[in-house]
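First up is the structure itself, then whatever we jot down about it.
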Amino acid sequence: MKLKRLILAGGGHAHVEVLRAFGAKPVSEVDVTLVTPETDAAYSGMLPGLVAGHYSWREAHIDLTALVRYAGARIKSTRIVGINPGERQVLCADRRVLDYDVLSLDIGSTPPLDDVEGASQHGVGVKPVESFLEVWDALCAEARERALRVAVVGGGAGGVELCLAMRHRLRQESGVAAQTDFTLVTQGTAIVPEHPVSVRHRLERALARNGVGLLAGLRVVRVEADGLTLDGGARVPADCVVWATGAAAPEWLARSGLALDERGFVLVDEMLRSTSHPDVFAAGDVATMHEHPRPKSGVFAVRQGPPLAENLRLALTGDPLKRFRPQRRALSLISTGRRHAVAAWGGVSFQGWWVWRWKNSIDRKFMARYVVGTK
Ligand SMILES: Cc1cc2nc3c(=O)[nH]c(=O)nc-3n(C[C@H](O)[C@H](O)[C@H](O)COP(=O)(O)OP(=O)(O)OC[C@H]3O[C@@H](n4cnc5c(N)ncnc54)[C@H](O)[C@@H]3O)c2cc1C
């Protein structure tokens, strides 16, 4: 019997669960390949804590090589740069062409750096995470030598959390805090528009307490080597501009022939299957559920892991797929730099050291699930 070929593109939050599930309960007659540019996957829930210095790099990353071995799969260290769904082929950056019977995409998103002049040249996006972490390490070293000004663009939960984490870390580095100025710039009239007003107030107080300047209702029109220019001409001097303005889809998807939403993300049905190509699945930020659109967030990517694993298994064995309805809302736990966090659930919010400890235990439990022994 001919082996079925499953290609998992990207080691995102849903695919780590697919690998774990396939390792725990193998599917026979299937050849599984993970295509990933990295051998370790950053866990978004711990990223601010890694930046703040609460976690080591290892603690905040999942070892994909071990997980692939556990799943009896193979790893190809490259990135996908195109798909030819008619031929059932993926095109890789190293010029390899891989054939598939079933393809699953969990390749995330990146902040839209191309939308603003100079942003991709002079700014650094928070994704890809490893590129950002390299710049962050260099910035920490530079901050020990001279006074710096950092501008973070993006007033969503990710931008605010990252800004407070960076501020906290530099404060911990001896003698550095007083010399580093932080400014958070957001186009919206207020930060965290996706959350209730009480969350906004709690985070505004955290920014003020940490001496972070907030510029709200202002659009960045240009990024230069030494700062930002805002709509109206005002300048914000900065030695480093961090771009955290939400999610954009990989540009090559536009040429893939897959059905996409208006922002360029892959449209999937309740089985997490492409609405145009039944042998292509997608989950996480790169996918938009046609019937149940949700915010681009790690929580929803994680929740899609088990139903994606099950439907890939069913698709490979030729059995009927199962429907998945994501929850309507999710608990948000937003850290404020120190070991302290704000929680938001629907219209209710609360905060404290205990909220951070709660978040920490959820995140550590998640990571422990992906520490696997060899088979
Ligand atoms: C600063 C910050 C903090 C955040 N904090 C939280 C939080 O606390 N909670 C939360 O729920 N969400 C948070 N988010 C959002 C969260 O990061 C994303 O929603 C989540 O990572 C999406 O998961 P994913 O599985 O879609 O993709 P990702 O986790 O981004 O994984 C995608 C993987 O695919 C790989 N890849 C990319 N392109 C290719 C390619 N062409 N070929 C092969 N592989 C590829 C990447 O290297 C990566 O390993 C945060 C975001 C930011 C920026």
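Does residue 277 qualify as being in the same structural domain as residue 85 (by TED's automatic domain parsing), modelled with pLDDT under 95 and either of a type in the set (Gly, Ala, Ser) or surrounded by fewer than 20 Cβ atoms within 10 Å (Cβ to Cβ) (or both)? Against the criterion (in the same structural domain as residue 85 (by TED's automatic domain parsing), modelled with pLDDT under 95 and either of a type in the set (Gly, Ala, Ser) or surrounded by fewer than 20 Cβ atoms within 10 Å (Cβ to Cβ) (or both)), residue 277 does not qualify.
If only one of 320, 293, 326 is more than 24 Å from residue 21 (Cβ to Cβ), assigned by TED's automatic domain parsing to the domain that holds residue 254, surrounded by fewer than 21 Cβ atoms within 10 Å (Cβ to Cβ) and without any contact (Cβ under 8 Å) to a residue 40 or more places away in the chain, which one is it?
293
Counting just the residues of region 53-96 that are β-branched (Val, Ile, Thr) and in contact (Cβ under 8 Å) with a residue 60 or more places away in the chain, which one comes out farthest from residue 252 (Cα to Cα)?
Looking at the filtered set, the residue picked out is 62.
Can you pull out the residues in region 76-92 that are of a type in the set (Gly, Ala, Ser) and open to solvent by 60 Å² or more (accessible area, probe 1.4 Å)? Listed by number, the residues that qualify are 77, 86.
Here are some residues: 260, 215. Which one is open to solvent by 40 Å² or more (accessible area, probe 1.4 Å) and farther than 21 Å from residue 110 by Cα?
Only one candidate passes the filter, namely 215.
For first residues located in region 31-45 and at positive phi, partners that are surrounded by 23 or more Cβ atoms within 10 Å (Cβ to Cβ) and lie 6+ apart or on another chain with Cβ distances below 6 Å do not occur.
Taking only pairs six or more apart or across chains, which ones have beta-carbon atoms under 9 Å, a first residue in region 119-139 that is of a type in the set (S, T, N, Q), and a second residue that is within 15 Å of the ligand (Cβ to nearest atom) and not in a helix (DSSP H, G or I)? From region 119-139, the pairs are 120/243; 131/124; 131/125.
For region 319-375, a tally of residues being of a type in the set (S, T, N, Q) and in a strand (DSSP E or B) returns 4. Just one of (1) surrounded by 24 or more Cβ atoms within 10 Å (Cβ to Cβ); (2) on the phi > 0 side of the Ramachandran plot fails for residue 51. It is (2). Taken residue by residue, region 94-115 has at least one member that is exposed (fewer than 15 other Cβ atoms within 10 Å of the Cβ), out of contact with any Pro (no Cβ under 7 Å at 6 or more places or on another chain) and within 30 Å of residue 333 (Cα to Cα).
Region 203-309 holds strands (runs of 3 or more DSSP E) entirely within its bounds, and those carrying 3 or more residues that are more than 14 Å from the ligand (Cβ to nearest atom) and aliphatic (A, V, I, L, M) map to 213-216, 220-224.
The values are calculated or read from the model by the stated rules, or taken from the named source; none is laboratory data. Since the structure is predicted, the reported quantities are computational estimates derived from the model, not experimental observations. Counting neighbours? That spans all protein chains shown, and the Cβs are built from the backbone with ideal geometry, glycine included. Surface areas here come from the heavy atoms of the whole protein model, side chains and all, with no ligands, DNA or RNA. Shrake-Rupley method; radii C 1.70, N 1.55, O 1.52, S 1.80 Å.
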